[in-house]
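*Asks:* Structure incoming, see below.
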Amino acid sequence: MKKVTLYLLVSLAVCSCTSSVKMALNESQWQQKKEYAVVNQKPLFKQQSLAFAQYKTQEVKRSWTKGTKGSSGFSVGGASIYVDHLTKKQTFRFKLQDGSQISEAYCATNIKAKDLVLGNSNSGFNQVLDLLSIGIETDNQFYAKIIPETNTQPWELFFDNMAAQRSKTYAGSLVQSPDNYYTIVPINKLQGKNGPVALPFGAVGFEFRNMQGQPVAAISTINKGMVYMSEVPPAEKFLLANACAALLLQANDL
């Protein structure tokens, strides 16, 4: 993962003098949580691999689509997203394997909000934004289309990198429909000697929360990364593993 920024280093020193620093989650909200170290990451994106728990990327490829000129669209897993002046460096794809399951994800980074067409007003993502009273206004968006299984309805991940560092309540959404979605919430606390220590601003990780507001997965972006998973059904866990992998790969690319 990227090195922690300077303002975080001060907070890390304040938290403890122990050999390792960890993100602090609200343990009372989690049920049967397990944590997994992220391994096998390589510094060069074209050679990069990523693994945690039983999940491992089979391939990570940058520039899976040609750059565009002017305003045009490109296909991601059977759907289209429209941006202006998309470059090859802004796209990557990966596959994630769990035993016999293999998923695909198509991603685009550093998208300007004004250039991102979210579809018509009845789209699942727009309805979720309306439900949560959230707007997208910044110019550092991350988008991923995740296809956990062949011939299934894809999931769309929208992540606001600016909100991720400024907001305490919302950084993005993982959406399949207005009736099936997760919100992504920044985590700004570290485990200290005397309990959690809140950072004044910034985030050290992110939680995925279901529609009931319960955390079901999380990632830490400290050092090489950590993934936290609740004991949810296997299909849901595989979906969340894909979403966690997408954010970890995106964080490594920033």
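*Asks:* Could you compute Rg(Cα) / (2.2 N^0.38 Å) for region 204-245, with N its residue count?
*Replies:* Region 204-245 yields a ratio of 1.12.
*Asks:* Can you tell me the order of 175-185, 155-165 when each peptide is scored by its average per-residue count of other Cβ atoms within 10 angstrom, highest first?
*Replies:* Going from most to least packed, we get 155-165, 175-185.
*Asks:* I've got another one for you. Please list, ordered by chain and number, the residues whose modelled amide H lies under 5 Å from the amide H of A24; skip anything fewer than 5 residues away on the same chain.
*Replies:* K189, L190, Q191
*Asks:* Here's another thing I want to ask about it. Probe radius 1.4 Å, ligands and nucleic acids left out: which of T221, T150 has the largest accessible area, and how do the rest follow?
*Replies:* Putting T221, T150 in descending order of accessible area: T150, T221.
*Asks:* Can you give me the % of accessible surface on region 167-254 that is carbon or sulfur? Probe 1.4 Å, all protein chains present, nothing else counted.
*Replies:* 51 percent
*Asks:* Let me ask something else about it. Ordering E27, E207 from largest to smallest accessible area (1.4 angstrom probe), what's the sequence?
*Replies:* The residues order as E27, E207, largest area first.
*Asks:* Further question on the same structure: So how long is each side of region 135-235 along the principal axes, counting just the alpha-carbon atoms, biggest first, in Å?
*Replies:* Cα extents, longest axis first: 48, 35, 28 Å.
*Asks:* With θ taken as phi - 60° and the coefficients 6.51, -1.76 and 1.60, list the Karplus ³J(HN,Hα) couplings across region 95-111 in order, rounded to whole Hz; mark glycine and proline as x.
*Replies:* For region 95-111, the Karplus curve yields 10, 10, 10, 9, x, 8, 8, 9, 10, 10, 9, 10, 10, 9, 10, 6, 8 Hz.
*Asks:* Given a 1.4 Å probe and the protein chains all in place, what does the accessible area of S100 round to, in Å² to the nearest 10?
*Replies:* Ignoring ligands and nucleic acids, S100 comes out at about 120 Å².
*Asks:* Taking all protein chains together and a probe of 1.4 Å, list S167, S173 from the most accessible to the least accessible.
*Replies:* If we order S167, S173 from most to least accessible, we get S167, S173.
The values are calculated or read from the model by the stated rules, or taken from the named source; none is laboratory data. As the structure is a computational prediction, the values presented were derived from the model and not from experiment. Reconstructed Cβ throughout: ideal geometry from the backbone, glycine too, with neighbour counts over all protein chains shown. Accessible surface is based on the protein model in full, side chains and every heavy atom, while ligands, DNA and RNA are left aside. Shrake-Rupley method; radii C 1.70, N 1.55, O 1.52, S 1.80 Å.
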